[in-house]
Amino acid sequence: MDMKTDVEELLRDGMGRFTEGVRAPAGLAASVSQRHRRRVAVRVSAACGGVAAVAAAATLVAVGLPGGGPATTHHAGTQARTVTYLVSRVKQALANEHRVFYGRTNGTDGPSITWVYGPRSRWEELTGTSCGHALPNGDCTHQDGSERYLAQGTARVGGKLTGVYVTYYNRKWSLSPEIVPANACSTTARMEMSGVPVPTSHWSSFIDATLACGTASVTGHVWIDGQETTKITGAPVTERMQPGEAKALGEKWTRGEWTLYVNPKTFLPVRIVSATSTFGGPRASYKGVLVTDVRWLKPTAANIAKATITIPPGFRQVASPASQ
Amino acid sequence: MTNDRAVAELEEFLAERADRLLRTAVLLTGSRESGQDLLQTALERLLRHWRTLSGDPEGYLRRTLYNLAADGFRRQGRLRLKLQLLRADTRPPPDVTAQVDLRDALVRMLVQLPPRQRAVLVLRYWEQLSEAETAAVLGWPEGTVKSAASRGLRRLRELAEGWQPTELHGTKRG
């Protein structure tokens, strides 16, 4: 057999046979549209999560939950002692929170960076080695680079700090939808923790609240880059998808998980690991894992400025993120 | 134009093209599920640019599809692809001759190639494009296409030489 010719011919035949009977499902365009809406919604939700967590943490601090009572009631032994020890450091930790959060995330869906300072936040997705965006002629832009693809967070609009969503590839931006606060111990907040980093500076209050209500627990001590950290694991949360999402993704359930590695002295995260998975439908299950390495920087004017999005001149404002 | 109108137009656009596009996507990814995922991702980008697109939407869609595939399609881990291939629902019924079995095996072996080589081979042998046309679709120099095709075919030949029909159908040769 002449292998040189035969492989090419057999490959050609084989491709036809392999895909014989493959038919596209009806309503493909509608399904794609739903998927696009969901993707935008997830990004918007991720950006809103930080404010939700801040609001929840602030509420819990105001009503005195960080006092440690509920935690020692619900947890015994080492866990209770550790929680009490951690809670006792909240005041010191709060002093440290006047620093600028800088997180660099790597994961299944490409790299991103997060800057947070007080009410300001800037989350930017970068293209990394993936084809983050295709131009109208079909070429991949930014491939093998590390350029901005989209940003979400706060910007000065008309002199006021406002939530915005910017897509650099098509030079558009929009105001983010209204933010609805969620309790730090709620399913919503826990699900948000399974995505990109929650843009909040108030990590110690958030951690304290989740330990107190039992939605997170101390699970060990781990050395990261020569630094000892306390490992805090959130209780996994599973939700049934909305019917439209379930249909678009071919799966029924979504599950969120998160783990924080916290500096025991400052009570601030050094690393955040989050995971979202979908399963239970006809499609193969999917799990996306994000690892964010965090640095806490001095609140210099330059660092604070990085926590705010600047909408480049010439970008066109559209009605909502869904229009982008 | 409302989003609903864009969706309706896209549906119309897909009416005669969707099956062929999905077959291409299945070849690029190795399974029907991953193919649907790849095609949906490409269509999502097409939908996003539907209003502003000048020129041929099909050309844009094809280029996006192939560029995503050549890029490794970010959500597809190689291990996941291989696992999916083992239970691929597009597998045709077993044939009695070794040569026919080898056709199926060759397509399954495609998934073992790097994404760029796989994309080039699908363009060359499924779309039946020339090297110059393939280079134009991918936006690569023709020499890159030529070497990717050559390396891909060489690897397939190596895999084919070591191929045994018993691996696929559990029957003994001869």
Computed lengthening from residue A:219 to residue A:20, 0.36 nm per intervening residue step minus Cα-Cα distance
66.5 nm
Which of A:13, A:225 comes first, and how do the rest follow, when ranked by fewest Cβ neighbours within 10 Å?
A:225, A:13
Provide the FRET efficiency to the nearest 0.05 for the residue A:156-residue B:142 pair, computing r from the beta carbons and using R0 = 41 Å.
0.25
Going by how many other beta carbons lie within 10 Å of each one, how would you line up A:121, A:186, fewest first?
A:186, A:121
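Bear in mind these aren't lab numbers, they're just calculated from the coordinates by the rules spelled out. Since the model is a prediction, treat every value here as computed from it, not as a measurement. Counting neighbours? That spans all protein chains shown, and the Cβs are built from the backbone with ideal geometry, glycine included.
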